[in-house]
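Notes to accompany the following structure.
We did not get these values from a lab; they are worked out from the coordinates using the rules stated. Owing to the predicted nature of the structure, the values given are computational and were not obtained by experimental measurement. Methodologically, a virtual Cβ is constructed for each residue, glycine included, from the backbone with ideal geometry; neighbour enumeration extends over all protein chains shown.
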Amino acid sequence: MGKSLISNHIRKLRFNQDEMTQQQLADLVGVTRQTIVALEQGKYSPSLELAFRISRAFKIPLEDVFFIEDEQV
């Protein structure tokens with residue numbers, strides 16, 4: 001069975017939100033810009049709390065920001 005990866009639409013959502021910068025989103029959710037970069041690049045999976053803060057920042061449901069991808073082995 002393959003490994004599941006959490007992916008996201010954060011970059012697309014930022015640009016659809018008046019081209020919000022990584023820093024602006026980081027400030028809204030209380031993390032560093034580097035954390036947002038790592039999330040967008042798929043190098044970091046957020047805590048449940050951070051995932052909810054990000055979805056609230058965009059005012060959309062959690063599943064519209066994050067989704068599971070199955071990695072093929």
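Annotations for the structure displayed:
- Nearest-ten-degree value, helix 48-58 long axis tilted from longest Cα axis of the chain: 50 degrees
- 222 nm mean residue ellipticity, helices alone, for the chain (DSSP H n ≥ 4; -39,500 (n - 2.57); rounded to 500): -13000 deg cm²/dmol
- Note on I68 and Q24: their simple-model spin labels are 3.3 nm apart, each label 7 Å out from Cα toward Cβ.
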